[in-house]
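Report on the following structure.
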Amino acid sequence: MDECTLKEDQVSGAGRLLEGIVIEAAGASYVVAEDGGGEFRCRTFPGTGTENEGSSLVAVGDRVEVKVTESGTESMEGVITKVRLRTSALTRKRDIRRNRSKEKVQVIAGNIDQLVIVVSAFNPPLSTRLIDRYLVFAESEHLAPVVVVNKMDLGDAEEIMKLMEPYRALGYRILYVSAGRQTGIEELREVFSGKVSALSGHSGVGKSTLVNLLFGHRRLKTARTNLKTGKGQHTTSNAVMLALPTGGYVIDTPGIREFNLSGITRENLRFYFPEFLVPMQECAFSSCSHTVEPGCAIHKGAECGDIDPDRYESYLALYQSIDEES
Ligand SMILES: Nc1nc2c(ncn2[C@@H]2O[C@H](COP(=O)(O)OP(=O)(O)OP(=O)(O)O)[C@@H](O)[C@H]2O)c(=O)[nH]1
Ligand SMILES: [Mg+2]
Ligand SMILES: [Zn+2]
């Protein structure tokens, strides 16, 4: 390096090493927020190291080491030299029909404390099957789940609460909110405060709208759902992480079409339905899959109502889908 470049580098801060969190991921381009510092547009390079072997290289929420390549007033850029070990992650199995990527499992967000499952009372309609998939995932990853039912202004409160009753009875935390009418927002703020939360759910349920409400002003783009089908328009295309005024971070993610579970097998699925754990000890066969075996206590429990029949249906549907997905 000649004297002239050295001087330039010293002025621009190039070559400096820093640590930070990935707050945005768009294709191969990332934004890294330096601890207590500015934001750097970063990319990876073939020598980028990782402590997460066999997983997505970089995801929003990851802690990374960065070498600054440019640090002027116009632009701040760097390369990610190392990705630290994730303590937790929101992952899903890639749909191989849609994606040609080599990685089978996609990390949507890393190092999260809390998985916020967002559904809407109407437009799109509430899907308990999707809630069950997310809850199974949260149980398997030891992530604390919170279910947020948004758009309560559009649904019949009594009907919705009846649908959600099995989840309440299981002890899952449920919040009924309306971003439109701004009801339940204080409790929402309290749930997010001081934690790293990732919001996930179908497109159009109001994830970005809720994040905007937490800030009290528009930070993220939102868009109407289709008037005829009630489906969202996949408005959010990349995961973003925002520091909350109340402490903690919120990660908004793109709406999912399907939530393909990663890490779940036909054998371990039964352990992620907490209401099965005690009764399944009474099944006639110790290896009972709770599908077709005689003397199955879970099947019997669903018939007599001790186990919610819809949850049992979800279990059966998931059990069937696991083989098809893998
Ligand atoms: N009536 C009503 N509309 C709402 C409510 N919350 C959000 N919306 C509307 O629902 C539409 C979709 O909201 P978004 O926040 O873009 O949904 P999203 O979940 O972020 O969708 P994706 O980014 O596509 O995943 C917007 O038109 C919002 O104004 C609510 O509580 N009540
Ligand atoms: Mg959105
Ligand atoms: Zn059984």
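The values are calculated or read from the model by the stated rules, or taken from the named source; none is laboratory data. What you see is a predicted model, and the numbers here were worked out from it, not measured in a lab. For neighbour counting, all protein chains shown are included, and Cβ atoms are generated from backbone atoms with ideal geometry for every residue, glycine included. Please note that ligands, DNA and RNA were not included when accessible areas were found on the heavy atoms of the full protein model with its side chains. Shrake-Rupley method; radii C 1.70, N 1.55, O 1.52, S 1.80 Å.
Check G255, G204, G248, G216 and return the single one that is closer than 21 Å to T183 by Cα and modelled with pLDDT of 90 or more.
Only one candidate qualifies: G204.
On the given criteria, is K207 within 16 Å of ligand 2 (Cβ to nearest atom) and over 14 Å from the mean Cα position of the chain (by Cα)?
No, not satisfied.
For region 178-196, give me each residue that is closer than 21 Å to D113 by Cβ and open to solvent by 70 Å² or more (accessible area, probe 1.4 Å).
E186, E187, E190, K195
Look through region 146-172, keep the residues that are free of Cβ contacts under 8 Å to residues at least 24 places away in the same chain and basic (K, R), and return whichever of them is most open to solvent (accessible area, probe 1.4 Å).
Across region 146-172, the extreme among qualifying residues is K162.
Among the residues of region 36-70, which ones are touching a Leu at 6+ places or on another chain (Cβ under 8 Å) and either assigned to a strand (DSSP E or B) or closer than 29 Å to L220 by Cβ (or both)?
Residues satisfying the conditions are G37, F40, T44, T48, T50, N52, E65, V66, K67, V68.
If S197 passes every condition in (1) among the polar types (S, T, N, Q); (2) out of contact with any Ser or Thr (no Cβ under 9 Å at 6 or more places or on another chain); (3) more than 11 Å from ligand 1 (Cβ to nearest atom); (4) at pLDDT below 95 but one, which one does it miss?
Every listed condition holds for S197 apart from (4).
Please verify whether region 291-313 includes one or more residues that are within 16 Å of ligand 1 (Cβ to nearest atom), in contact with a helix residue (DSSP H, G or I) (Cβ under 8 Å, 6 or more places away or on another chain), in contact (Cβ under 8 Å) with a residue 40 or more places away in the chain and not in a loop (DSSP other than H, G, I, E, B).
So far as region 291-313 goes, no, none of its residues is within 16 Å of ligand 1 (Cβ to nearest atom), in contact with a helix residue (DSSP H, G or I) (Cβ under 8 Å, 6 or more places away or on another chain), in contact (Cβ under 8 Å) with a residue 40 or more places away in the chain and not in a loop (DSSP other than H, G, I, E, B).
Return a yes/no flag: does region 284-293 have any residue that is at pLDDT 95 or above and within 23 Å of the chain's Cα centre (by Cα).
Looking through region 284-293, none of the residues is at pLDDT 95 or above and within 23 Å of the chain's Cα centre (by Cα).
Filter region 200-236 down to residues that are near ligand 1 (Cβ under 6 Å from one of its atoms) and among the hydrophobic types (A, V, I, L, M, F, W, C) and give me whichever is most open to solvent (accessible area, probe 1.4 Å).
A223
Kindly indicate the residue of region 105-129 that is farther than 23 Å from L227 by Cα and polar (S, T, N, Q) and also modelled with the lowest pLDDT among those meeting that condition.
Step by step, filter region 105-129, then rank; the result is Q106.
Has region 90-100 got any residue that is closer than 28 Å to V32 by Cβ, out of contact with any Ser or Thr (no Cβ under 8 Å at 6 or more places or on another chain), among the charged types (D, E, K, R) and assigned by TED's automatic domain parsing to the domain that holds V32?
no
Working only within region 12-29, note down all residues that are over 30 Å from the mean Cα position of the chain (by Cα) and either crowded, with 17+ Cβ neighbours inside 10 Å or basic (K, R) (or both).
Across region 12-29, the qualifying residues are S12, A14, R16.
Of the residues K207, K221, which is among the charged types (D, E, K, R), in the same structural domain as L126 (by TED's automatic domain parsing) and more than 17 Å from Q114 (Cβ to Cβ)?
K221
Output yes when any residue across region 107-125 is away from ligand 3 (no atom under 16 Å from the Cβ) and farther than 21 Å from P254 by Cα, and no when none is.
There is no residue in region 107-125 that is away from ligand 3 (no atom under 16 Å from the Cβ) and farther than 21 Å from P254 by Cα.
Checking the structure you have, find out if any residue of region 247-263 is outside the structural domain of A317 (by TED's automatic domain parsing), surrounded by 14 or more Cβ atoms within 10 Å (Cβ to Cβ), within 12 Å of ligand 2 (Cβ to nearest atom) and at positive phi.
No, because not a single residue in region 247-263 is outside the structural domain of A317 (by TED's automatic domain parsing), surrounded by 14 or more Cβ atoms within 10 Å (Cβ to Cβ), within 12 Å of ligand 2 (Cβ to nearest atom) and at positive phi.
Could you list, in sequence order, the residues of region 134-164 that are of a type in the set (D, E, K, R) and over 12 Å from the mean Cα position of the chain (by Cα)?
Across region 134-164, the qualifying residues are E139, K151, D153, D156, E158, E159, K162.
If you go through region 237-272, how many residues are more than 14 Å from ligand 1 (Cβ to nearest atom) and either among the charged types (D, E, K, R) or outside any loop (DSSP other than H, G, I, E, B) (or both)?
Counting residues in region 237-272 that are more than 14 Å from ligand 1 (Cβ to nearest atom) and either among the charged types (D, E, K, R) or outside any loop (DSSP other than H, G, I, E, B) (or both) gives 9.
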